[in-house]
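Data block below; observations after.
All of the numbers you see were taken from the coordinates with simple rules; none came from a lab. Note that the structure is a prediction, hence the values are computed from the model and not measured.
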Amino acid sequence: LSEINKEIESYKESGDYLSSNDLERLAKLSTERIFWANKLIALANITTDKIAITHFSYKDGTLSLFGITQVEINEKEYDLIYEFINSLSSNPQINLDFNEIKFVKSSRDKEKDVEIIRFQVDCIGREVAQKDRRKRS
């Protein structure tokens, strides 16, 4: 037993030793990590030339996308935004980590005599969505 304890101590000192806490943190990191490069590529592919993402933020498991779109006379104003939401929802790279996509708000504006809609869409992470469902139950 003393030989095993010495061997364990030598591992701890050498840096080759992984405690159960180390393994738990490593497992959590590997399962909860979001690969942003893949998400940004998917987002670029989803975004049509009629929509511009002006900025985005990630906080507490929610990715908020802020964008603008020009109001076209022959289109309903929110059709492009809802098409964008559907594209996000159906994209495997996006819905891998964000299974709930929802329209948050919009406002109509005018820039250089062009009517635009500013909007916000939230991509809600799986853990956040599960917590919200539990609260409602």
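Observations, loosely collected:
- For V71, the residues whose modelled amide H falls within less than 5 Å of its own, excluding neighbours fewer than 5 places apart on the same chain, are E115, I116, I117.
- Taking θ as phi - 60° and the Karplus parameters 6.51, -1.76 and 1.60, the scalar couplings of segment 74-81 work out to 8, 10, 6, 4, 9, 4, 4, 5 Hz in sequence order, x denoting glycine and proline.
- Over 28 Å between alpha carbons, listed pairs K76/K110; K59/K110; K59/K112: K59/K110; K59/K112
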